[in-house]
Amino acid sequence: MITVWVLGDQLNASLAAMAAARPDTHRVLLVESAAKVTSQRWHIQRAHFVLASMRRFAAELRVAGFEVDERRSASLATGLAEHRAAYHPQQVIATEPASRDGLALLHRLGVETVRTNQFLCHPDEFAAWAAGRTSFTMEHFSRWQRRRLGLLMDGVEPAGGRWNFDAENRRPPPKDASGRWPSPPTDALDVIDRDVIERLRPHTWGAEPDGTWATTRQGALARLEHFVERVLPHFGPHEDAMTTASWHLAHSLLSPYLNIGLLLPDEVCEAAEVAYRAGRVPLASAEGFIRQLIGWREYVWGLYWLWGPEYATSNALGAHRPLPPVFTGAATTQMRCVSHTLQSLHDRAWVHHIQRLMVLGNLALLAGVDPLAMTRWMWASFVDGAEWVMLPNVVGMALHADGGKMATKPYAAGGAYIDRMSDYCKGCRFDRKQRVGDDACPFTTLYWDFVARHGDRFERNPRMVQQVRAARRLDDLPAVRERAVEVLRRLDNGNL
Ligand code: SF4
């Protein structure tokens with residue numbers, strides 16, 4: 001018998017190694033690694049999502065006739081050794097894993113890997129696309145993907161004659177935000193959930209699972225149908241808005257399922273395109289959503305592999321501050337934007353991309369938090385976290401630690417941006433317009449301090465030079481920088 005080793009983020013019978021497996025010739029191995037469970041301080045909903053999904057996938061494979069060896073072992077390597085000792089498989093194969101360490105481990109253990117089909121663009125294809133280019137513009141990649149995949153295309157032209165409708169998608173939250181976007185279905189917890197939660201409770205943080213995140217393919221397909229039929233028609237205009245009235249807005253909430261294989265990107269894109277062609281979804285919504293999948297998501301995946309392991313230790317801005325205690329739950333904060341975002345993260349292991357980038361990431365950027373510490377925290381805290389997701393998004397996009405390889409300017413902003421895109425500032429104890437004094441908005445103070453601190457670097461950047469000049473013209477810059485020292489001291493002490 002051949003063993004197919006299925007990793008915790010490969011839970012789909014159509015994935016490469018599983019796709020060719022048959023019950024009479026293949027046995028399936030799944031390993032729950034104790035070392036992995038305790039390797040980071042995971043959000044319990046993140047860890048539960050993976051473990052409960054693995055157990056249910058094993059049950060589905062048994063129903064399909066497979067013999068499944070489900071192991072709880074000290075480590076992945078130990079699990080494989082125990083499996084080999086028990087079953088003596090003639091060969092062990094696995095779909096290529098989604099991390100560099102995972103790939104190295106499988107090769108070290110003598111596991112034969114099968115080319116992955118979990119993404120629409122394999123790292124080899126991305127490398128071929130990137131070869132010879134001096135800049136890797138996401139928009140160019142996205143159009144290349146659309147053409148070759150034939151998504152939202154009318155012949156050789158994009159549907160509707162336009163590639164991108166993003167200009168219409170930067171609106172602040174609407175006044176009538178409450179109840180505007182339908183919430184996703186939820187599932188009742190069962191004995192599998194309770195067993196996994198008991199196991200995880202001592203090692204994790206955050207609110208325990210409440211059925212928000214599906215842990216079966218059937219549940220993930222139900223979330224996909226809900227999104228396409230009820231939410232996608234509203235997708236687009238308010239994707240960058242932040243509001244206390246809705247935790248999800250019109251976001252798909254499908255990234256967790258895509259990232260562990262419960263859904264595959266081609267079926268998700270197809271569902272969106274079918275709804276558009278049938279007239280149930282506007283083109284701008286379908287285009288924006290499909291671009292997130294075949295553009296941004298696959299672009300980040302490709303860059304993770306293209307840039308190699310040294311990218312993880314990039315620290316171009318010399319940022320060495322430890323994670324602020326408010327991020328780890330060791331402190332609270334009076335900053336309403338940060339407090340609301342962290343509460344939402346605690347409750348569901350998920351906040352959307354602008355809360356990640358412009359609240360949490362922005363604070364870490366302005367404060368000079370160590371990029372690798374921030375990456376690991378986000379990887380462990382989000383239900384859709386993975387190394388390949390977080391490294392480019394945190395090191396490159398949020399913290400500009402790669403010196404501008406990924407984003408041509410840092411995503412730094414003061415309180416004015418957060419006020420424009422959210423309802424957080426009304427009712428906040430701080431004043432987003434003030435940059436000095438006890439009531440000054442910490443984002444506003446730290447923004448000007450950040451621009452001044454890195455002025456010599458950013459004055460050579462055409463997209464930043466205006467801000468550098470503006471910072472240098474501030475009459476109260478010495479007072480701002482003095483206030484920034486106090487703000488950072490409070491952030492470190494957990495009393496901001
Ligand atoms: Fe956040 Fe500043 Fe607005 Fe308060 S005033 S919510 S700290 S941006």
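The values are calculated or read from the model by the stated rules, or taken from the named source; none is laboratory data. All values derive from a computational prediction rather than experimental measurement. Virtual Cβ from ideal backbone geometry, glycine too; neighbours counted across all protein chains shown. Areas reflect the complete protein model, heavy atoms only, side chains present, ligands, DNA and RNA absent. Shrake-Rupley method; radii C 1.70, N 1.55, O 1.52, S 1.80 Å.
Here are the numbers for the structure shown:
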read-out	value
Linear extension gain, Glu225 paired with Val274, 0.36 nm per residue minus alpha-carbon span	16.5 nm
Sum of side-chain charges, Leu106 neighbourhood, beta-carbon under 14 Å (Lys, Arg +1; Asp, Glu -1)	0
Average Cα contact separation per residue, the stretch 2-114, under 8 Å, 6 or more apart, as relative contact order %	37 percent
In the stretch 108-152, trypsin sites (Lys or Arg not before Pro) in a DSSP loop with at most 15 other beta-carbon atoms within 10 Å	Arg115, Arg133
Electrostatic dipole magnitude of the chain [Cβ: Lys, Arg +1; Asp, Glu -1; Cα centre; debye, to 20]	1080 debye
Long-range tail of P(r) for the stretch 312-493 (Cα pairs > 20 Å, %)	51 percent
Most positive-pole-ward Cα, Ala85, Val63, Ser53, against dipole of the stretch 2-114 from beta carbon charges	Ser53
Considering only the chain, percent of DSSP beta bridges that pair antiparallel, nearest 5	10 percent
Cut-off under 5 Å, modelled amide H: who pairs with Phe327 long-range	none
With Cα atoms, 0 to 90° folded angle of helix 76-87 axis to the chain main axis	10 degrees
Degrees between helix 265-277 axis and first principal axis of the chain (Cα, 0 to 90, nearest 10)	70 degrees
Derived scalar couplings ³J(HN,Hα) [the stretch 116-126; Karplus, 6.51 cos²θ - 1.76 cosθ + 1.60; whole Hz; x for Gly, Pro]	6, 10, 7, 10, 7, 10, 5, x, 5, 5, 5
At 1.567 mPa s and 4 °C, Stokes D of the chain from Kirkwood alpha-carbon radius, µm² per second	54 µm²/s
Cα-centred dipole magnitude for the stretch 312-493, charges only on beta-carbon of K, R (+1) and D, E (-1), debye, nearest 20	400 debye
For the chain, accessible area per residue (1.4 Å probe, heavy atoms of protein chains only), Å²	41 Å²
Helical mean residue ellipticity (222 nm; -39500 (n - 2.57) per DSSP H run of 4+; nearest 500) of the chain	-12000 deg cm²/dmol
Amide hydrogen neighbours beyond the local backbone of Asp69, cut-off 5 Å, H modeled	Val28, Leu29, Leu30
Proximal charge balance of His26 [Cβ under 12 Å; K/R count +1, D/E count -1]	-1
Cα lying deepest toward the dipole's positive end in the stretch 312-493, options Ser339, Tyr447, Gly385, charges on Cβ	Tyr447
Long-range amide H partners of Leu263 with built H, under 5 Å	Leu258
Between 0 and 90°, nearest 10: helix 44-63 axis offset from the chain longest Cα axis	20 degrees
Principal axis dimensions, the stretch 442-486 - Cα atoms, whole angstrom, descending	30, 17, 15
Ala331-Gln466 FRET efficiency (beta carbon distance; Förster radius 22 Å; 0.05 resolution)	0.05
Accessible surface of the chain [probe 1.4 Å, protein heavy atoms]: carbon and sulfur percent	51 percent
Förster-model FRET efficiency, 45 Å R0, Arg162 and Arg490, C-beta, rounded to 0.05	0.40
The stretch 2-114, dipole about Cα centre (Lys/Arg Cβ +1, Asp/Glu Cβ -1), debye to the nearest 20	320 debye
